[in-house]
1. Residues to consider are Q86, Q74; find the one that is loosely packed, with under 12 Cβ neighbours inside 10 Å and over 21 Å from A139 (Cβ atoms).
2. For the range 92-105, give me the residue count where each residue is within 12 Å of I8 (Cβ to Cβ) and out of contact with any strand residue (DSSP E or B) (no Cβ under 7 Å at 6 or more places or on another chain).
3. Which condition number does G146 fail, the rest of (1) of a type outside the set (D, E, K, R); (2) farther than 16 Å from R173 by Cα; (3) out of contact with any His (no Cβ under 8 Å at 6 or more places or on another chain) being met?
4. Just name the residue that is surrounded by the most Cβ atoms within 10 Å (Cβ to Cβ) out of those in the range 89-117 that are farther than 23 Å from G35 by Cβ and of a type outside the set (K, R).
Amino acid sequence: MTPTPTAIVVQAVTSLTDAEIDDLGQVLIDCVSGGASVGFMHPLTVERAQGFWRKVAQGVAQGERALLVARDGQGLVGTVQLVLDQPDNQPHRADLCKMLVHRRARCQGVGAALLRAAEGLARQAGKTLLVLDTASPEAERLYARGGWVACGVVPGYALLPHGGLCDTRYFYRQLG
């Protein structure tokens, strides 16, 4: 008998508990350990990961960004952010960033669910254009399937967490 997949629940959060900061820290550490180029080098300490999420929580509380989390039957497995606070001449735009899915939950629809929820939240916030960058070929496929348009590659953009340069590809999505 094939096991039934656990339902993924995605929700926007407006504040973070200490337990959620711990859980988000573990997702971030797992992604960095797995080689994701998301702004941190390996090994990423628990303290540094939790400090990052505390800063994110401040931005959420100030309305500068929106934070979505994904949970399955075992707990928090993914997250994505929308940077809503843009320059005066770009009130229609938001940046999608830090799409993170724990390795144990990949290829189960978590990324796609987070992406759909982020796009819906952006529409509610009056945004008509989203922009992101990624160094992950797997994520590139997810974004392309979701209707995002690739618009350029910057070679040697950042370091991979275990060392070595990686390129990044920019995508945009116009929301209807």
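1. Q74
2. Looking only at that region, the number is 0.
3. (2)
4. My answer is A94.
Coordinate-derived values only; no laboratory data. Keep in mind that this is a model prediction, so the values were computed, not measured. Reconstructed Cβ throughout: ideal geometry from the backbone, glycine too, with neighbour counts over all protein chains shown.
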